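Some notes on the structure that comes next.
The values are calculated or read from the model by the stated rules, or taken from the named source; none is laboratory data. Here the structure is a predicted model, which means the values were calculated and not measured. Cβ coordinates were reconstructed from backbone atoms using ideal geometry, including for glycine residues, and neighbour counts include every protein chain displayed. Calculation scope for accessible area: heavy atoms of the full protein, side chains included, ligands and nucleic acids excluded. Shrake-Rupley method; radii C 1.70, N 1.55, O 1.52, S 1.80 Å.
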Amino acid sequence: MALAFERRLTRHWGDPEVVGLDGYLARGGYEGLRRAVSMTPEEIVEAVKASGLRGRGGAGFPTGMKWGFVPRDTGKPTYVVVNFDESEPGTCNNRELVEREPHRLLEGTAIAALAIGCTTAFIYVRGEYLWQALVLERAIREAYGGGFLGPRIAGSDRTVDIVVHRGAGAYICGEETALLNSLEGLRGQPRLRPPFPAVEGLYACPTVVNNVETLMNVPDIIVRGPEWFRELGTDKSPGTKMVTISGKVERPGNYEVPLGTPFRTVLEELAGGVLGGRALKAWTPGGSSTPLLTAEHVDIPLDYESLAAAGSMLGTAAIMVMDETDCIVDAAARMVRFYAVESCGKCTPCREGGWWATRVLDRLEAGFGRADDLPVVRDLGRNILFRAFCALADGTASVITSSLRHFADEYEEHVRLGRCPLGVPHLEEVAS
Amino acid sequence: MTEAFPGGAIEEARAIIARYPAGRERSALMPLLYLAQSIEGYVSREALRAIAALLQITTAEVEAVASFYTMYRLHPTGTHVIGVCTNLACKLRGAVAVLEAAREATGVGSSGHGVSPDGAFTVHEEECLGVCDHAPAVQINVANHDEVTPERMRELVERLRAGEVPTPARGPAFASFREACRALAGLEPAPPTPGGGA
């Protein structure tokens, strides 16, 4: 299938002028905000609901519905918080979206602020995205100068300020309640829900937390309408999705595709196929926390429903590709180590289970595995899943369970041979 | 307080606090930790106490936050901090050899938290840096270097040792970890762009 469609989020990529305000304005930028200031908050929410836009950060929750949950009669301020803590392994499309067109994010954020009656919005940027935070701060200065932020935005009587807040190296802060704690100057540990952020979020005030890509879709929805938005994608997953493809492919990168585009199209047409023409072995559809799939799944459409039906998830649409020379046990050990390192320590199954699983997987990969390690690992996967406060632990379980589901033979071979059959080099010294 | 935030730094600290809504001063804790780190190269005991005094919270509350996040360093750190991502996308592209090259070339031990004998380098094994499209990803003083090979890693270390500031793949370079921390505290504006405007 040849991929031909009108690009949306990436239509100005490669055009360096669009990074600045003048360039953005010359290409129709801030038209959505200009229209939004003359709409009621309800009209904005209705337009986003009608578009069917779903959160692009992983969960796929309908954006308009999320905005609609914010109560308007509490007498407290409301907040929009942009989740730019992009940290799921394999995911980097938000980074490039902001680098290339920062004003689109500011415009989407300001429209969201209008929709929920917010006057101060925050953008939470992961600390490692230092350059991207500087790009945003520069764009914010320009937007204030141009009258698109601050008091009386776009000629209206509305005020919207945007504050950039940097994280400091904690994956867990991508979880929205951990992010809110971090923004309040606390350790980034998740909060009990309910209350949900829509009711009690930042500073215990009604709060909407949205992903970067989600908000960058909003200006076009206001300008071109919900029906236009639905022209691409599927009925239940409308619009386009940014996909990051990395690992063993010829052209790793961020690509925009209509939701429902088969993985094969992304792999072969956009990424140029598996590196060196080797055979595809395994891939993550949505970052390391989404269950691994194999070469058998190459024709699966990339949308929320199709991936769920295949036993995985769209997640952040971060595809990491492994070829026939890559060891699954080695890859699983590395992915599980990530969740162990990044566990916030709040829940025992995650805090202890992640390290236990890491030690067993490292031992298997190093050739010191025992036959009874496999049931141990399988059992750990089962006992971690859904047993912790937030979804971080489920990432550990997902790696373990899916790698065992598709590649049990390879695990067994490590035990039988007393070494990695693929001879993958690794650093970790394993205590025997 | 004067040691952790000497001279004009205390004014900068107050400007950071003013970014957040009135009554929500504690939100400034994270940027204040970066500010302290930009002055001393790490977050010292004195800095923890100074920040606690500024925000009118306890030193324990400040330390609880400082010790939670990996980008805050509670012990003296090398002039340059080299971060090498070894998460899956980078590992598949040879990151383990890049990390080994960084440790070897700088003379930092394999603990990952140590400082090289000459005090010039700290090498840190990173989790995903969000540059999976240009793996293996490396950061030198929080500026990105793309598709780094072990040879390139050794060359970067040599250039830093010679006092050069290697040009990153995107954005500005920072001459030291302390300079990067000023930008992390939100105190260094980015240069204007060609398509700029107001």
(request) Could you tell me whether the range A:78-85 includes any residue that is part of a loop (DSSP other than H, G, I, E, B), surrounded by 24 or more Cβ atoms within 10 Å (Cβ to Cβ) and touching a strand residue (DSSP E or B) at 6+ places or on another chain (Cβ under 7 Å)? (result) yes
(request) Kindly indicate whether residue B:83 is at positive phi, outside any helix (DSSP H, G or I) and either of a type in the set (Ser, Thr, Tyr) or within 10 Å of chain A (Cβ to nearest Cβ) (or both). (result) no
(message) I'm told residue A:343 meets every condition in (1) within 19 Å of residue A:246 (Cβ to Cβ); (2) within 12 Å of chain B (Cβ to nearest Cβ); (3) not aromatic (Phe, Trp, Tyr) except one. Can you identify the failing condition by its number?
(response) (1)
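To keep it simple, each residue is scored yes or no on (1) loosely packed, with under 15 Cβ neighbours inside 10 Å; (2) outside any helix (DSSP H, G or I); (3) in contact with a Ser or Thr (Cβ under 8 Å, 6 or more places away or on another chain).
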position	(1), (2), (3)
B:7	yes, yes, no
B:12	no, no, no
B:23	yes, yes, no
B:27	no, no, no
B:34	no, no, no
B:39	no, no, no
B:51	no, no, no
B:54	no, no, no
B:57	no, yes, no
(message) Quick test of your reading of the structure: residue A:58 fulfils all but one of (1) away from chain B (no Cβ under 14 Å); (2) more than 9 Å from the chain's Cα centre (by Cα); (3) touching a residue at least 12 places away in the same chain (Cβ under 8 Å); (4) in a loop (DSSP other than H, G, I, E, B). Name the failing condition by number.
(response) (2)
(request) Hand me the list of helices (runs of 4 or more DSSP H) wholly inside the range A:262-367 holding 2 or more residues that are charged (D, E, K, R). (result) A:328-342, A:348-366
(request) Report yes if residue A:144 is at pLDDT 95 or above, open to solvent by 10 Å² or more (accessible area, probe 1.4 Å), of a type in the set (Phe, Trp, Tyr) and under 22 Å from residue B:20 (Cβ atoms), otherwise no. (result) yes
(message) Consider the range A:308-332. How many of its residues are more than 10 Å from chain B (Cβ to nearest Cβ) and buried (at least 24 other Cβ atoms within 10 Å of the Cβ)?
(response) 6
(request) Only one of these is on the phi < 0 side of the Ramachandran plot, open to solvent by 10 Å² or more (accessible area, probe 1.4 Å) and without any contact (Cβ under 8 Å) to a residue 60 or more places away in the chain: A:362, A:409, A:373, A:394. Name it. (result) A:409
(request) Can you tell me which residue among A:52, A:29 is within 14 Å of another protein chain (Cβ to nearest Cβ), of a type outside the set (Phe, Trp, Tyr) and open to solvent by less than 30 Å² (accessible area, probe 1.4 Å)? (result) A:29
(message) Going residue by residue through the range A:67-77, is there one that turns out to be among the hydrophobic types (A, V, I, L, M, F, W, C) and open to solvent by 10 Å² or more (accessible area, probe 1.4 Å)?
(response) yes
(request) Quick one: count up the residues across the range B:59-77 that are small (Gly, Ala, Ser) and open to solvent by 60 Å² or more (accessible area, probe 1.4 Å). (result) 2
(message) I'd like the full set of residues that are open to solvent by less than 10 Å² (accessible area, probe 1.4 Å) and either free of Cβ contacts under 8 Å to residues at least 40 places away in the same chain or part of a strand (DSSP E or B) (or both), limited to the range A:210-231.
(response) A:210
(request) Any chance you could count how many residues in the range B:127-141 are under 18 Å from residue B:176 (Cα atoms) and open to solvent by 20 Å² or more (accessible area, probe 1.4 Å)? (result) 0
(request) Scan the range A:1-24 for residues that are open to solvent by 60 Å² or more (accessible area, probe 1.4 Å) and out of contact with any Phe, Trp or Tyr (no Cβ under 9 Å at 6 or more places or on another chain) and report the count. (result) 8
(message) As an exercise: evaluate residue A:182 against (1) in contact (Cβ under 8 Å) with a residue 60 or more places away in the chain; (2) crowded, with 21+ Cβ neighbours inside 10 Å; (3) hydroxyl-bearing (Ser, Thr, Tyr) and give the number of the one condition it does not meet.
(response) (1)
(message) Consider the range B:169-185. How many of its residues are closer than 17 Å to residue A:164 by Cβ and either more than 9 Å from chain A (Cβ to nearest Cβ) or modelled with pLDDT under 95 (or both)?
(response) 4
(message) Can you go through A:162, A:123, A:172 and tell me which one is assigned by TED's automatic domain parsing to the domain that holds residue A:67, under 21 Å from the mean Cα position of the chain (by Cα) and in a strand (DSSP E or B)?
(response) A:123
(request) Evaluate the following for residue A:258: is it closer than 17 Å to residue A:54 by Cα and open to solvent by 10 Å² or more (accessible area, probe 1.4 Å)? (result) yes
(request) Please verify whether the range A:282-291 includes one or more residues that are among the aliphatic types (A, V, I, L, M) and within 24 Å of residue A:332 (Cβ to Cβ). (result) yes
(request) Tell me, please, whether a residue that is of a type in the set (A, V, I, L, M, F, W, C) and farther than 26 Å from residue A:334 by Cα can be found in the range B:74-90. (result) yes
(message) Looking only at the range A:1-43, how many residues end up being acidic (Asp, Glu) and either in contact with a strand residue (DSSP E or B) (Cβ under 9 Å, 6 or more places away or on another chain) or part of a loop (DSSP other than H, G, I, E, B) (or both)?
(response) 2
(request) Mind listing just one residue for me: the one in the range A:376-391 that is of a type in the set (A, V, I, L, M) and assigned to a helix (DSSP H, G or I) and, of those, most open to solvent (accessible area, probe 1.4 Å)? (result) A:376
(request) Can you run down the residue pairs with Cβ atoms below 8 Å, 6 or more apart or on separate chains, where the first is in the range B:143-171 and within 18 Å of residue B:122 (Cβ to Cβ) and the partner is at pLDDT below 95 and of a type in the set (Lys, Arg)? (result) B:144/B:170
(request) Would you check which residues across the range B:146-161 are outside any loop (DSSP other than H, G, I, E, B) and either in contact with a Gly (Cβ under 9 Å, 6 or more places away or on another chain) or open to solvent by 10 Å² or more (accessible area, probe 1.4 Å) (or both) and list them? (result) B:150, B:151, B:152, B:154, B:155, B:158, B:159, B:160, B:161
